[in-house]
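Trainee: Structure below; questions to follow.
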Amino acid sequence: MLFMVIEEFRNQDAKSVYRRFQSKGRMMPDGLTFVNSWVAADLGRCFQLMECDDVTLLQKWIAEWSDLVAFEIVPVVPGKDTAAALANQL
């Protein structure tokens, strides 16, 4: 499954997040795959697309960062897959 991870940097402190990232990497458990990320222009939020089959892997990863980041997790599906699933209903 794909998940859009919306990270809000606590206290707008992107520097602390990137400092940890430089020293420890993403700290993801095996089976969780980073797809891509985008950072808001004001450095307040990051949007990451992650992939895994076991949601508990996301929970383990979030636990490593929750002191610096507040998370919103949204399961997502590629638009083309949604269009195909709804094709007979349109």
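The values are calculated or read from the model by the stated rules, or taken from the named source; none is laboratory data. None of the values given here were measured: they were computed from a predicted structure. Note: ideal-geometry Cβ built from the backbone for every residue, glycine included; neighbour counts use all protein chains shown. Ligands, DNA and RNA are stripped out before the accessible areas are found, and what is left, the full protein with its side chains, is counted by its heavy atoms. Shrake-Rupley method; radii C 1.70, N 1.55, O 1.52, S 1.80 Å.
Trainee: Helix 55-65: angle to the longest alpha-carbon principal axis of the chain, degrees 0 to 90, nearest 10?
Mentor: Around 20 degrees separate the two axes.
Trainee: Is it possible to state the helix-based mean residue ellipticity at 222 nm for the chain, with each DSSP H run of 4+ residues giving -39500 (n - 2.57), the sum divided by total residues, to the nearest 500 deg cm²/dmol? What is it? The partial results should precede the final answer.
Mentor: On the way: 3 runs with 30 residues, N = 90.
Mean residue ellipticity at 222 nm (helix-derived): -10000 deg cm²/dmol.
Trainee: Moving on to the next point. Spelling out what I want: for every residue of segment 5-15, take phi, set θ = phi - 60°, compute 6.51 cos²θ - 1.76 cosθ + 1.60 (Karplus), and round to whole Hz; glycine and proline get x.
Mentor: 9, 9, 9, 10, 5, 4, 6, 6, 9, 5, 4
Trainee: Just add up the charged neighbours of residue 39: K/R +1, D/E -1, any other residue whose Cβ is under 13 Å from the Cβ of residue 39.
Mentor: Value of the local net charge: -1.
Trainee: Relative contact order for the chain: what is it in percent, counting Cα pairs under 8 Å that are at least 6 residues apart?
Mentor: Dividing the mean separation by the residue count of the chain yields 45 percent.
Trainee: Amide H to amide H, which residues 5 or more places from residue 76 or on other chains are under 5 Å from it, using H placed in the peptide plane?
Mentor: 2, 3, 4
Trainee: Per residue, how big is the convex hull of segment 35-90 when only Cα atoms are used? Give it in Å³. Don't skip to the end; give the middle numbers.
Mentor: Values: hull volume 6.8 nm³, N = 56.
Cα convex hull per residue, to the nearest whole number: 121 Å³.
Trainee: Provide the solvent-accessible area of residue 69, counting protein heavy atoms only and rolling a 1.4 Å probe, rounded to the nearest 10 Å².
Mentor: Result for residue 69: roughly 0 Å² accessible.
Trainee: Further question on the same structure: Which of rounded, prolate, oblate describes segment 1-82, given a ≥ b ≥ c as roots of the alpha-carbon gyration tensor eigenvalues and a/c under 1.5 marking rounded, otherwise prolate only if a/b is larger than b/c?
Mentor: oblate
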